[in-house]
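Q: Have a look at this one before I ask anything.
The values are calculated or read from the model by the stated rules, or taken from the named source; none is laboratory data. The structure presented is a predicted model; accordingly, all values stated were derived computationally and were not measured. We place every Cβ from the backbone using ideal geometry, glycine too, and count neighbours over all the protein chains shown. Protein only, heavy atoms only, side chains kept; ligands, DNA and RNA dropped before computing areas. Shrake-Rupley method; radii C 1.70, N 1.55, O 1.52, S 1.80 Å.
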Amino acid sequence: MFEEKTYKKCMCKGPQWHRRGKLKGKPVLDEEGVQKIGYLGTGCPRLSERNHGTWHFFLELPAGPDGKRQRFRPGGFPTQKKAAAECKKLWKQHQDGLDVGVRETTGDSLIRWITGKKDIALGTANKYREHIDLHINPYIGLVDRKDLRKAHIEGIFASIADRNTEIELHRDYVDLLTADCERKRVAWREGSKADRPVLRAAWMEARELLASERKKKRRVTGPTTQHRILATLRSALADALLAEEVSKNWAELVTLPKVKAPKPLLWTPARVAHWRATGEVPGKVMVWTPQLLGEFLDTYVTDDLFDLWHFMALRGPRRGETCALPWSEVDLDQMQVTISQQLVYIASQLYQTAPKADSERTINLDSESARLLADRRDRQAVQRKKAGRAWKETGLVFTKENGEAYHPDYLTYRFAKLVELADLPPITLHGLRHGAACIAHYGGADMKDISDQLGHSGIQITADTYTNTLEEAKQAQAEAALAVVPRASRPAPVEAPVPEPAPVEAPAPVPVLAPTGGRLTALRRAQQKKLAAKAELVPV
């Protein structure tokens, strides 16, 4: 039964008197018989004054599972009305099932939640912790867990928007400093001999300022990341709601602007020509046509990681899955590989974990991929014998010369460098995965087959994001639709004129990615001779 009890209290000091029992009204004496001096509390004669003292309330809740009663005596309220309202609020929270006896901030509860979260992947848990540490706790970490409301969560994203504005302004400032530094460098180089010391000092000062401001550059928190931050908070509050720690999942009531996933675009000849003329990339996610992919593979057929590029381009595994592929999951007789693990990079350290949800799968190999993996196995045996005791037995397919696993970030960097050296339209390493889906679709695979190949939980994400039908396939579909309609007489199709063969130029030298160190080593010289010999054998 709820009973509202409020009272007024102050911190004045004065003589102490007994307030109950047989000694009620008599002075409280110490060991020497002197009346004690202490806080008057509710017995202060000045409490009748309007601005003297503060209001408190007393609430006793039923005994919990441990049999102990819970008594609350909060205070510091300026009016009796506010003390009574807080008393009713505490009682209602108790009636809703919340553990009102625990005082915990939102930040502490989120850290406790992610620390005890054992049913998610290691990489997912790391992202959750990153969202909590960088974006959530700095804004609402000190809010009491029971006081958290929708307005607090909306405040997170309002603050992120303000921070993004500051970051963008600072980036514009750095661009201005960059232009100013370059202008002063040119003035120093082209200035007269008498003015050059002064011009050089001005350039050095501008360069130091630019270097200092570049260190302060930060990345904006984009719309996609904001949706993931909200999803993290929504998941945490959902678990807290099940544990009866909060009364409602307030994150479910917060809405953010919708984010449209970027659609993959093909590097058509027109887009390639525009890119070569202006340097502009038409979209965030670009995909090579089979012709461009074939040009890349032909260019780097002698690259040490050619088999890896071929495997990723044709079969579409993720880079972490490729780096973690063990020989125990490769069956060259059946021409199959099983994706059962991946490498993830967390807190400056590599971890071998299970792949993403529903991503354990078996991928069929084409004949060339199977042959390349067989060559890789033979080459790795020679490397193992040559390395001797320095060999690191990881059991992985794609390894360095000492058997060590490749870092996923290294593959991303190396691929981007190879694309640049080959003067091909830029795509990301993950763009090879998009291209593999595209090629499989053009080869006749249906959405279910492509979804299984890529390790998706359903065909929807495959159809919406990963597959972009090739122009040749679109034309074939258009012709097929025309053939469905019966016609008494149909004009003969107009054949496209056959262009005259263009004069064949001498093959360009094959670009080579320089080994780490910068100097031409014997390995690089041998590779250049091999590539030069290959270039001379190209049919004309």
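Q: One residue is enough: does the stretch 398-413 have a residue meeting the conditions open to solvent by 20 Å² or more (accessible area, probe 1.4 Å), within 30 Å of residue 282 (Cα to Cα) and without any contact (Cβ under 8 Å) to a residue 40 or more places away in the chain?
A: Yes: the stretch 398-413 contains one or more residues that are open to solvent by 20 Å² or more (accessible area, probe 1.4 Å), within 30 Å of residue 282 (Cα to Cα) and without any contact (Cβ under 8 Å) to a residue 40 or more places away in the chain.
Q: Let me ask something else about it. Listed residues 200, 207; which is farther than 30 Å from residue 237 by Cα, touching a residue at least 24 places away in the same chain (Cβ under 8 Å) and open to solvent by 80 Å² or more (accessible area, probe 1.4 Å)?
A: Selected residue: 207, the only one of 200, 207 that is farther than 30 Å from residue 237 by Cα, touching a residue at least 24 places away in the same chain (Cβ under 8 Å) and open to solvent by 80 Å² or more (accessible area, probe 1.4 Å).
Q: Scan the stretch 30-39 and give yes if some residue there is within 30 Å of residue 90 (Cβ to Cβ) and acidic (Asp, Glu), otherwise no.
A: no
Q: Here's a follow-up. For the stretch 414-446, what are the residues that are assigned to a loop (DSSP other than H, G, I, E, B), open to solvent by 50 Å² or more (accessible area, probe 1.4 Å) and farther than 25 Å from residue 261 by Cα?
A: 423, 443, 444, listed by residue number.
Q: Given the structure, is residue 140 modelled with pLDDT of 90 or more, open to solvent by less than 40 Å² (accessible area, probe 1.4 Å) and hydrophobic (A, V, I, L, M, F, W, C)?
A: Judged against the criteria, residue 140 is a match.
Q: Is it the case, given these coordinates, that residue 41 is modelled with pLDDT under 85 and either among the small types (Gly, Ala, Ser) or open to solvent by 100 Å² or more (accessible area, probe 1.4 Å) (or both)?
A: Yes: the conditions hold for residue 41.
Q: OK, next. Does residue 332 satisfy the criteria of being within 22 Å of residue 439 (Cα to Cα) and either at pLDDT 90 or above or among the hydrophobic types (A, V, I, L, M, F, W, C) (or both)?
A: No, not satisfied.
Q: Restricting to the stretch 250-287, and then to whatever is in contact with a Lys or Arg (Cβ under 6 Å, 6 or more places away or on another chain) and loosely packed, with under 14 Cβ neighbours inside 10 Å, can you tell me which residue is farthest from residue 147 (Cα to Cα)?
A: Out of the qualifying residues, it is 262.
Q: Output the number of residues of the stretch 143-174 satisfying the condition of being open to solvent by 60 Å² or more (accessible area, probe 1.4 Å) and over 30 Å from residue 243 (Cα atoms).
A: 8
Q: Applying the selection to the stretch 301-327, what residues are touching a helix residue (DSSP H, G or I) at 6+ places or on another chain (Cβ under 8 Å), within 23 Å of residue 350 (Cβ to Cβ), not in a helix (DSSP H, G or I) and not charged (D, E, K, R)?
A: Matches in the stretch 301-327: 305, 316, 317.
Q: Something else about it: Mind telling me which of the residues 247, 212 ends up being more than 21 Å from residue 135 (Cβ to Cβ), open to solvent by 40 Å² or more (accessible area, probe 1.4 Å) and part of a loop (DSSP other than H, G, I, E, B)?
A: After ruling out the rest, the residue left standing is 247.
Q: May I ask you to list the residues in the stretch 51-71 that are at pLDDT below 85 and surrounded by fewer than 11 Cβ atoms within 10 Å (Cβ to Cβ)?
A: Of everything in the stretch 51-71, those that are at pLDDT below 85 and surrounded by fewer than 11 Cβ atoms within 10 Å (Cβ to Cβ) turn out to be 62, 63, 65, 66, 67, 68, 69, 71.
Q: So is residue 5 within 23 Å of residue 88 (Cα to Cα), open to solvent by 40 Å² or more (accessible area, probe 1.4 Å) and of a type in the set (D, E, K, R) or not?
A: So residue 5 fits the description; yes.
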